[in-house]
Amino acid sequence: MIIEVIQGDCEEILLSLKDKEYFKGIHLTFLDPPFNQGKEYNSHFDNMPEEEYWKWMERVIKKIYDLTVDGGAIYFMQREKNTEYVLRTLRETGWNFQNLIIWNKLTSAIPSKIRFSKKYQVIAFFTKGDKPLTFNNLRYEPPLLAMHEYERETGMYLTDIWDDIRELTSGYFAGGEAIRIKDNKFFTKEGERFHKQQSPIELLTQIILTSSKVGDFILDPFAGTGVTAIVAKQLQRNSISIEIDPLNVKLIQKRLQLKRDEDDISKFYSNYIYSVNLDKIWSNDAKSIDMKVENYYFKEIPKNKLNNVLLMKETLMNTLINELKISEDAIDFDYRVKDKDNKVHRFELVIHHDKQSNIIFRLIYVKNLKQADFWIKRIGFEYDILKEKKPNSEYLAVLSGLAFKNMIKNIGDEKLKHCLVAFPGWEKIFGLESLKEKFKSLNIKRNRIMEKQISLDNF
Ligand SMILES: C[S@@+](CC[C@H](N)C(=O)[O-])C[C@H]1O[C@@H](n2cnc3c(N)ncnc32)[C@H](O)[C@@H]1O
């Protein structure tokens, strides 16, 4: 994979790209130049006369056009007040209009006394030629609003309004992803934000996933903190980042080496779970799959169902302690759900038998086949780890939901023995006798009340 970070003026560097041995054309450009609004930059004067600024943009954009493959895309991000110039400059340099994306940055608006307060930024999506070479039509799962009764079973297509990606650069919500500097050291927990225009990795994840394939070349001529390179690398795309400021270049190189948790994009995987070709466009290296699955089940139980989870916990605990006479000390209850304060909970019940064995109950609600695929991998993974650490342990996956049949079929014989399906009606689908045996051998009585209570179908 090529990850080029080049220090210099992008106009000059763009001219020299064709001479590079690896260079076969650009598939996608993220263009986030200084907006000419008097911001403080080390190596750039951000208050040019309007005309000069747009002439400069035109030259840069034309050069990018010349380097782009047929059907390649450009995403030009700008202030909404410049929309007219943005569209004109792109059109006059040969690009074809696809969308004007409205990015509602989820931050406070810029107040005004003479007009409506301003709250969004534009991202113009254009291609070289009429049709994009690549357009992966992502489906995502919008948050369930209070007035919605049901979640959408398979999400919905992204539209040209992007309103669930939060900008980093607005004061209090810069969060952990924003790079900070203190006493000349980068990546400190406290201190000033290093670059006030740092774009969120989530934004680039959406753009790169939509408009490129694994192995494509992505260009960022105004790289800043290297957000494009950071995301492109994780999605296994080649990237060329150009940045004029040597300190920024140093930072990008360090950021690429560091692999900070805050820069890990796997947490967004679940947002796009309903996209048809996700595994193909989101490269699937073995190391990251566990991380993706891990992050995925943060969302497993919807936030607004948290009370049911807590109730379920109570019921299970009572049954285990009062009816099965398991000592309270031997039970760990853990559930992984994000609550309204964004705190993560884990939903897992572990009964410690003795030093060599545990019983783990995992409550799993599977809504569709995509989710089922994940859980099949996850169950296999957890089972192997458990067996390695405590060979006499039992792993009991308590399955429920629409796609459980698919899971049962695909978990595989070996692990199936350790998989328990406990919800009303399970005995019709799954061999009742073998499950009864399992209960008996584990000295856990089959209990109608418990089965009913732990059914996640009621969610
Ligand atoms: C709006 S910021 C980009 C922020 C970036 N998207 C990020 O997430 O960090 C624009 C960047 O362009 C750089 N820059 C300004 N003039 C440049 C030029 N002629 N060539 C290359 N980079 C330049 C600035 O130093 C600044 O870091």
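The numbers here are math on the coordinates, done by the rules we state, and not lab data. Being a predicted model, the structure only gives us computed values, none of them experimental. All Cβ positions, glycine included, derive from the backbone under ideal geometry; neighbour counts span all protein chains shown.
A few comments on the model shown:
- Summing Lys and Arg as +1 and Asp and Glu as -1 over all other residues whose Cβ lies under 14 Å from the Cβ of ILE26 gives a net charge of +3.
- Label-to-label distance for LYS24 and ASP164 is 3.5 nm, based on points extended 7 Å past Cα in the beta-carbon direction.
- Global geometry of segment 3-283, whether rounded, prolate or oblate, following the gyration tensor of its Cα atoms and the 1.5 cut on a/c: rounded
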